[in-house]
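Here the structure comes first, spelled out in structure tokens, and everything after it is commentary.
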Amino acid sequence: MLNKRQFVRENTTSPCLFLLDGKTLPGQMLNFSRMGSLIKCESRLNQKYVTLVYQNEKNEYIEMLCTIKHISIHQNFYFYGLMFIGIQKRHSA
């Protein structure tokens, strides 16, 4: 039986940031869906929960609380599979 995703994933190459205890780490959003995203980052994150900041199609900056569901490493980059929990803040660009 094939494992189908619940929501369609859209590919992107958008810049994003992780907010971690007052620090910011840059990343690149590779895809997203209604419930989560795949992020490429040079840094190893050791938390279960992170805040992701990205710009949406309305040019708003979204701060989204996420949980890290899986991590993989490829060519010295970390790939984080995130599940969205909820919007913490939203503000105009």
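Only the coordinates and a few stated rules stand behind these numbers; no lab work does. Since this is a predicted model, take the numbers as computed values, not measurements. When we count neighbours, we look across all protein chains shown, and the Cβ atoms used for this are built from the backbone with ideal geometry, even at glycine.
Which lysines, if any, have their Cα less than 19 Å from the Cα of K23, not counting same-chain residues under 8 positions apart?
Leaving aside lysines fewer than 8 places away in the same chain, those within reach of K23 are K40, K48, K89.
Between exposed trypsin sites (Lys or Arg not before Pro) in the chain, where DSSP calls loop and at most 16 other Cβ atoms lie within 10 Å, what's the longest gap?
Longest run free of exposed loop sites: 59-93.
Can you give me the relative contact order of the chain as a percent, contacts being Cα pairs under 8 Å and 6 or more apart? Each step should come with its number before you reach the end.
Values: 205 pairs, mean separation 21.8, N = 93.
Reported as a whole number, the value is 23 percent.
Counting Lys and Arg as +1 and Asp and Glu as -1, what is the net charge of the other residues whose Cβ lies under 12 Å from the Cβ of M83?
Details: positive: R34, K48, K69; negative: none.
Counting the neighbours of M83, the net charge comes to +3.
What nm distance separates the two modelled labels at T13 and R34, each placed 7 Å from Cα along Cα→Cβ?
The answer from the label model is 2.9 nm.
Above 23 angstrom, tally the Cα pairs of the chain and express them as a % of all pairs, no decimals.
So the pairs more than 23 Å apart make up 19 percent of the total in the chain.
Of the chain, which part is the longest with no GluC sites (Glu not before Pro) in a loop (DSSP not H, G, I, E, B) and with at most 14 other C-beta atoms within 10 angstrom?
Here the longest segment lacking exposed loop sites spans 1-41.
Run the numbers for S43 and I87: contour at 0.36 nm per residue of separation, minus the present Cα-Cα distance, in nm.
13.5 nm
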